[in-house]
Structure formats: C-alpha cells, structure tokens
1. Using only DSSP helix segments of four residues or longer, with each worth -39500 (n - 2.57), what per-residue ellipticity at 222 nm results for the chain after dividing by its residue count and rounding to 500?
2. If each residue of separation counts as 0.36 nm, what is the full-extension length gain between Glu134 and Arg47 once their alpha-carbon separation is subtracted?
3. Considering only C-alpha atoms, what is the centroid distance from the stretch 222-266 to the stretch 1-65, in Å?
4. Tell me, what % of the accessible area of the stretch 61-193 is carbon and sulfur with a 1.4 angstrom probe?
5. Per residue, how much accessible area does the chain have with a 1.4 Å probe, in Å²?
6. Tell me, in nm to one decimal, what length is gained between Ser36 and Arg3 on full extension, where the rule is 0.36 nm per residue of separation less the Cα-Cα distance?
7. How far is the Cα center of the stretch 174-210 from the Cα center of the stretch 110-168, in Å?
8. Report the label-to-label distance for Thr226 and Ala79 in nanometres (one decimal), using points 7 Å from each Cα along the Cα→Cβ vector.
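The values are calculated or read from the model by the stated rules, or taken from the named source; none is laboratory data. As the structure is a computational prediction, the values presented were derived from the model and not from experiment. Cβ placement follows ideal geometry from the backbone for every residue including glycine, while neighbour counts extend to all protein chains displayed. Keep in mind that these areas ignore ligands, DNA and RNA; they rest on the heavy atoms of the full protein, side chains included. Shrake-Rupley method; radii C 1.70, N 1.55, O 1.52, S 1.80 Å.
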Amino acid sequence: MTRVLEAGLAATPDSGFMHPGDLRWRAFKAHGFPLSELIELWEDDGRVVGFGFLEAASEFSAQVEPERRGSELEQEVLAWCHAGVLQWRAENDLEPRCEIEVFADDSVRGEMLESMGYRRTGAGFVAFKRTLAEIPEPCVPDGFEVRGLQDRDIDSRATCQFEAFTPGSRTTPETWRALMANAPGYDTDLDTVVVAPDGTVAAAALAWLDRANAIGLYEPVATRPTHQRQGCGTAALLRGLHTMRAHGMTTAFVATNVTNLAARALYTAVGFVDRNHGFEYGWRP
C-alpha cells in the first residue's frame with residue numbers, strides 16, 4: 001500500500017494521492033475495528049496495485065497505481081468502498097450515505113464519482129506544502145520546552161490531542177500507546193511536543209516520512225484550547241520541520257478543513273503555501 005502511494009506522489013505530488021503517513025495515521029488511530037474489516041487489497045502478480053479503506057462511519061479512501069487511474073480497477077475499488085460503507089451503516093441502523101475527499105483538479109476521480117451518483121457537498125480541504133531549505137528556530141514562552149515525545153508525556157500527549165479535537169476525538173492514552181506500538185514509521189523524535197511548566201503537553205505535531213520522495217507530513221497537529229495564541233503550535237511545527245530535514249526530507253505537507261481558519265493561518269505563518277485544495281463528494285439515495 002505504501003508503494004502505491006509513493007509511486008503516486010512521485011507522479012503527481014500535489015494531487016490525487018495521500019501521503020503514506022496519512023494512511024498510517026488513519027489506519028492506526030482509534031477506530032475500534034480490525035484493519036482486515038476496513039481494508040481491501042487488489043493485487044497483480046502478488047504486487048498490491050490498489051486498495052480501498054473504510055475510514056469512518058461514512059467516509060472512505062480509494063487509491064490505485066498512477067498508471068491505473070481512470071481504469072476499471074479504480075472503478076472496482078470505488079464500488080467496493082461504496083458498498084462497504086452502505087453495508088456497515090445498514091447493519092448499524094444508520095441512514096445510507098457515503099463521503100470521500102477529492103482534489104479539485106482530479107477530474108478523473110470526480111467524473112467517476114459523479115457517474116455513481118455522488119455530488120459535491122460544500123465541504124472541502126486545503127493542502128499546503130513548504131520547502132525545508134530555511135527554517136526559523138522554534139521559540140517557546142518562558143518555562144516551556146519543545147522536544148520529542150518522552151514516555152512521561154504520553155498520557156498528557158493523548159489528552160492534548162483529545163481536547164484539541166473535541167467533540168469527535170476518541171483519543172485516549174491507550175489508543176496513543178497502540179499507535180506508537182503498531183503504526184509503521186512512528187518515531188517519538190518525530191512526535192514533537194511543547195511542554196508547559198506544569199509538565200502538561202500544550203501542543204504537539206506528529207510527523208511522518210515518505211523517504212522515497214523526501215516528503216514529510218504533519219498529521220495530526222494539536223494545541224490545547226487553554227494554550228492557543230501563545231506560540232506553542234508554531235514552535236511544535238518549526239521543531240518538527242527541523243526534524244524532518246534531519247531525516248532527509250526536502251518538502252513538508254499538511255492539510256486542514258477549509259473552514260479551519262485558525263489552522264490555515266498557523267500553517268501560513270510558518271511558511272506553508274497552498275499546493276492544492278479539494279472537495280468532499282457525497283452520496284445519498
């Protein structure tokens with residue numbers, strides 16, 4: 001699956017494909033289901049050439065090798081995801097609906113979805129990128145510390161994540177430990193935390209590496225509501241960019257919901273620029 005995404009990013013780095021770190025985060029964050037129930041693989045002579053991933057109650061991702069975009073294989077993957085979401089929702093007495101995010105310039109995917117009855121919902125995302133040639137040094141408020149995650153931080157790291165994304169977050173110390181133990185490529189040095197004087201994690205930014213393309217990714221980025229507008233999120237991002245570069249990355253990616261104006265301002269402030277945007281496509285009967 002990682003090879004499919006690496007090939008896709010090599011062919012079209014700013015459109016059409018998720019970063020391998022995005023796959024790892026989505027697969028190993030708290031969702032409560034075995035991956036065998038969420039992911040279907042398509043192979044050719046023993047090599048994975050595409051996959052479908054049922055991510056949430058109504059959302060899914062579908063990826064195929066770049067040379068197979070627009071093919072019957074991509075249609076088959078989309079159809080499997082669509083059916084899987086609807087089956088799960090029916091089994092749980094939920095109204096039938098499906099959603100998937102698509103880059104705005106990915107006309108091939110958009111046309112396929114429209115032929116299946118999908119339409120743009122009005123929701124969307126903004127994708128950013130930044131070169132790692134020149135990075136300011138992180139600066140934290142007096143008494144704060146910015147560094148990689150340590151064992152004593154884990155409970156507070158999870159709480160920071162939960163508070164930043166509540167309502168909706170299902171992060172707990174147990175799920176964060178499971179992510180650390182199971183997600184390929186997770187590294188505490190890449191899990192930057194800003195620690196307040198009382199020892200609690202005020203902000204954090206988790207980085208993932210695509211070594212084949214030298215592209216780093218932030219997913220997720222979190223600041224506790226009580227520590228917003230103090231420079232903690234900026235410090236976490238800048239320290240993480242230095243760490244990405246130390247691991248050989250030349251570019252960094254990050255994305256956020258189009259309505260998250262605070263995150264968009266934060267990423268722009270640390271040197272990220274728009275690389276693309278996208279839409280949510282939804283299906284209703």
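1. Working: 8 runs with 93 residues, N = 285.
It comes out at -10000 deg cm²/dmol, rounded to the nearest 500.
2. Length gained, Glu134 through Arg47: 27.4 nm.
3. Spelled out, the Cα-based centre of one part sits 24 Å from the other.
4. Values: 3320 of 6770 Å².
Roughly 49 percent of what the probe reaches on the stretch 61-193 is carbon or sulfur.
5. On the way: 13010 Å² over 285 residues.
I get 46 Å² per residue for the chain.
6. Here the segment from Ser36 to Arg3 would lengthen by 10.0 nm.
7. 12
8. With each label placed 7 Å out from Cα toward Cβ, I get 5.4 nm.
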